[in-house]
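Below: one structure, written as structure tokens.
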Amino acid sequence: MSETTGGVEMDEDVSGVIKKFLYVNRKAPYGTIYALESLEVVLIAAAFDQDVSLVFLDDGVYQLAKGQHTKTIDVKNFSPTYRALEGYDIEKLYVEKESLEARGLTAEDLIVPVTLLPAAEMAELMDGQDIVLSF
Amino acid sequence: MLHTVNKSPFERNSLERCLQYAKKGSAILLIEDGVYGALKGTAVTDKVKKAMKNVSIYALYPDIEARGMQDKAIDGIRLVDYGGFVDLVAEHRNVHSWL
């Protein structure tokens, strides 16, 4: 059926639009389900080849802390997943400088390489997105 | 950009962070418990008034009314109904719902 072009055209239509998706993470990892749910949604969006960025503000920066061990609270430690994001072509991770500093942390304390941005620059980044999803 | 805030400023820092992040010319719509941030004479009133010089602030009137806060909204905050909510979403290129 190689002479049939209908299927090819449909594929092109489906893959045509790439939007800028921004995921805003503002909650610490285990006290509520937000952080884990955000990660799930990020991975889904990645499967659709969208332009994905993640930002971490306020207690959201704790999601990226190194050395998380959750056996004794009997929940899944999902922090290694942030390291796997690169494999899904998600490489734009931004952390708000003020939030990190307020918590006595530095980029060295984080499980993945990130770009540190002051709030004002983060606001610019946010403004330039097509879709903003907050967790 | 349109920002929405649905939590009380006395319980969460969402409004404070939103005010910091909202760029000049953007709009903020206060809904649900977020409407407590739209009132006169509170600990956050001055911050909200200051922000109103650069951004347009709206509050969802049904949520204000439900909480018995009629007549307490800061002058200059625009009160909208559900239709107005829809218009705001349609008028802006993107929306950020602060949690």
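By its C-alpha gyration tensor, with a ≥ b ≥ c as the square roots of the eigenvalues, how is chain B shaped: rounded for a/c under 1.5, else prolate for a/b larger than b/c, else oblate? It would help to have the intermediate numbers written out before the result.
Working: a/c = 1.44, a/b = 1.13, b/c = 1.27.
Because its axes are fairly even, with a/c under 1.5, chain B counts as rounded.
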**OP:** Classify the protein assembly as shown as rounded, prolate or oblate from the Cα gyration tensor: take a ≥ b ≥ c as the square roots of its eigenvalues, call it rounded if a/c is under 1.5, otherwise prolate when a/b beats b/c and oblate if not.
**Re:** oblate
**OP:** Would you list which lysines come within 21 Å of B:LYS40, measuring only between C-alpha atoms, while excluding same-chain residues fewer than 8 positions from it?
**Re:** B:LYS7, B:LYS49, B:LYS50, B:LYS53, B:LYS72
**OP:** Quick one: which residues, 5+ away or cross-chain, put their amide H under 5 Å from the amide H of B:HIS3? H built at 1.01 Å from N.
**Re:** B:ALA27, B:ILE28, B:LEU29, B:HIS96
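Please give the calculated 222 nm ellipticity per residue for the protein assembly as shown, where each DSSP H segment of at least 4 residues contributes -39500 (n - 2.57) and the sum is spread over every residue; nearest 500 deg cm²/dmol?
The helix contribution divided over the protein assembly as shown gives -8500 deg cm²/dmol.
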Subject >> 5 angstrom amide H check on A:LYS27, placed H, neighbours 5+ away >> reply: A:GLY60
Original post:
How would you classify chain A from its alpha-carbon gyration tensor, with a ≥ b ≥ c the square roots of the eigenvalues: rounded for a/c under 1.5, else prolate if a/b is greater than b/c, otherwise oblate?
Top reply: prolate
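Coordinate-derived values only; no laboratory data. It should be emphasised that the depicted structure is a prediction, and the values quoted were computed from it without experimental measurement.
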